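Working notes, structure below.
The values are calculated or read from the model by the stated rules, or taken from the named source; none is laboratory data. Keep in mind that this is a model prediction, so the values were computed, not measured. Quick reminder, even Gly has a Cβ in these numbers, built from the backbone with ideal geometry, and neighbours come from all protein chains shown.
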Amino acid sequence: MKSWTVDPKKFSAETKKDFSDLLSAAALTVYSDLVNTTPVDTGRAKSNWIPSIGSPVYTTRPATDSLSVILQAQAVFEPDGLPEFPVLYIANSLDYIASLNMGSSQQAPAGFVEMAVNRVF
């Protein structure tokens with residue numbers, strides 16, 4: 001009779017931890033890419049990428065610096081703080097974000113949101 005080389009409970013815990021670490025890293029990479037590639041006029045569009053867990057956040061906020069919003073995302077997407085197998089969101093509820101993503105600004109190519117996601121996945 002063969003035995004487990006790794007206790008199944010330990011394997012399960014390690015797999016869940018690995019998943020959380022990978023998901024967090026992917027979300028932060030997409031988030032950072034979005035912040036860094038969003039066209040800037042006032043900075044408001046860049047500042048309104050809002051990270052969340054479980055459901056999207058539809059509020060907006062005033063312009064702030066890129067470092068502040070990236071630090072917020074790091075806190076929200078911290079792997080050790082994630083629930084088991086979470087759904088992560090990055091939302092931007094400004095009324096003109098879709099227009100920016102369709103290429104209304106010369107500062108970023110059309111589809112910069114999709115490009116950010118595709119670079120990770």
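Across the stretch 62-80, the number of residues qualifying as part of a loop (DSSP other than H, G, I, E, B) and touching a helix residue (DSSP H, G or I) at 6+ places or on another chain (Cβ under 6 Å) comes to 3.
For PRO83, indicate whether it is free of Cβ contacts under 8 Å to residues at least 60 places away in the same chain, in a loop (DSSP other than H, G, I, E, B), more than 16 Å from PHE121 (Cα to Cα) and out of contact with any Gly (no Cβ under 7 Å at 6 or more places or on another chain). Against the criterion (free of Cβ contacts under 8 Å to residues at least 60 places away in the same chain, in a loop (DSSP other than H, G, I, E, B), more than 16 Å from PHE121 (Cα to Cα) and out of contact with any Gly (no Cβ under 7 Å at 6 or more places or on another chain)), PRO83 qualifies.
The residue that is farthest from THR38 (Cα to Cα), among those in the stretch 78-121 that are in contact with a strand residue (DSSP E or B) (Cβ under 8 Å, 6 or more places away or on another chain) and loosely packed, with under 13 Cβ neighbours inside 10 Å, is PRO83. Residues in the stretch 36-45 that are modelled with pLDDT of 95 or more and either closer than 11 Å to ILE90 by Cβ or in contact with a Ser or Thr (Cβ under 6 Å, 6 or more places away or on another chain) (or both): ALA45 only.
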